[in-house]
1. Would you say residue 238 is within 16 Å of the ligand (Cβ to nearest atom) and crowded, with 22+ Cβ neighbours inside 10 Å?
2. Looking at segment 148-162, can you tell me whether even one residue there is touching a Phe, Trp or Tyr at 6+ places or on another chain (Cβ under 9 Å) and within 14 Å of the ligand (Cβ to nearest atom)?
3. β-branched (Val, Ile, Thr), touching a Pro at 6+ places or on another chain (Cβ under 7 Å) and more than 14 Å from the ligand (Cβ to nearest atom) - does that describe any residue in segment 99-120?
4. Considering segment 32-45 alone, what residues qualify as being under 19 Å from the mean Cα position of the chain (by Cα) and crowded, with 19+ Cβ neighbours inside 10 Å?
5. Evaluate segment 29-47: report whether one residue or more is without any contact (Cβ under 8 Å) to a residue 12 or more places away in the chain and within 16 Å of the ligand (Cβ to nearest atom).
6. Quick one: count up the residues across segment 245-269 that are part of a helix (DSSP H, G or I) and more than 13 Å from the ligand (Cβ to nearest atom).
7. I need a count of the residues in segment 48-87 that are within 16 Å of the ligand (Cβ to nearest atom), surrounded by fewer than 16 Cβ atoms within 10 Å (Cβ to Cβ) and among the small types (Gly, Ala, Ser).
8. Name every residue in segment 38-86 that is of a type outside the set (D, E, K, R), in a helix (DSSP H, G or I) and closer than 23 Å to residue 106 by Cβ, in order of residue number.
Amino acid sequence: MQKILIIGANGQIGSELVSELRRENGDHNVIASDIKSSGNFDKYFVFLDATDKEAVRQTLIKYEISEVYLLAAILSANAEKMPGNAWHINMSILFNALELAKEGLIKKLFWPSSIAVFGPHTPRIKTPQITIMDPNTVYGISKLAGERWIEYYRDHYDVDVRSVRYPGIISWKTKPGGGTTDYAVEIFHEALTKGHYTSFLDANTRLPMMYMPDAIKATIQIMKADKDALQIHNSYNIAAVSFTPEELAQSIQKFLPDFRIDYKPDFRQTIAESWPESIDDSQAYKDWQWQHQYDLEMMVRDMLLHLSKKYHKEADLVL
Ligand code: SER
């Protein structure tokens, strides 16, 4: 049984990935780590600053880790507020892991890229796997540079590193922090608690999105795929649904008819407009049989079912 380390285990994706990997591999084989505590995990949790290479090395050795999921990062909106720091953090975390993998301390590494690697000149509809990439955000620049480096380490040092370009991820367990697609999570919380949401993106801003169970499935599936089947050595496009704030609001209104939305776009609107509307993920299907499961309505229903319990608002839902 391989031993796994999750870096960024208290984040939106990390917190759910830990649970799924523990279910599959046993609790003691999955070490959760983060720079901050959230109380999510009281067992098999270590504090770890992933910018500290020696601390990462000691953790790998102590727990005899073979696989690492590197989920810590400063997301797009937060990175714009601290460009130098965000670049330093995002790149040093990745470089530390790549170097430790090169030394043989990590056998298999997962590092996510993002739709943020695309930019204003990228074709926005059904964005191809290989296309123009001219990101104009700090986060996007760090992810694109990261993609080039993971391919370099794979091709020159035979480091086994796997990656997908996550779209905006929607989930109910842990909120995202500092991204441009966060509106699509906030809207559910405010729909249930206030009956109203002011969106920081315009009504018609279409972005690629994915429900958490699909994101977890993609992450674990690409790590299990046969290495030789993976033709793409940087990062795979993956897709699920694309919608606008208005379409999401309409879908929520089917279950919460009194819900209202208005729009007050801020600096995140410019970021969103530089990203694709939809993604062509046929290469991921071809190489490792990737397919999403959740469409917009299934996702909205599931989100509202879970969050209405949390807020004791089950009676408000029209099902
Ligand atoms: N959800 C991310 C963000 O908004 C995109 O990868 O930053």
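1. So residue 238 fits the description; yes.
2. No, that holds for no residue.
3. No, every residue in segment 99-120 fails to be β-branched (Val, Ile, Thr), touching a Pro at 6+ places or on another chain (Cβ under 7 Å) and more than 14 Å from the ligand (Cβ to nearest atom).
4. Result: 32, 33, 34.
5. no
6. 11
7. Matching residues across segment 48-87 total 0.
8. Hits for segment 38-86 are 55, 56, 58, 59, 60, 61.
The values are calculated or read from the model by the stated rules, or taken from the named source; none is laboratory data. These numbers come from a predicted model, not from an experiment. Neighbour counts are summed over all protein chains in view; Cβ atoms, including those assigned to glycine, are modelled from backbone coordinates with ideal geometry. We work out accessible area using only protein heavy atoms, side chains counted, and drop any ligands, DNA or RNA first. Shrake-Rupley method; radii C 1.70, N 1.55, O 1.52, S 1.80 Å.
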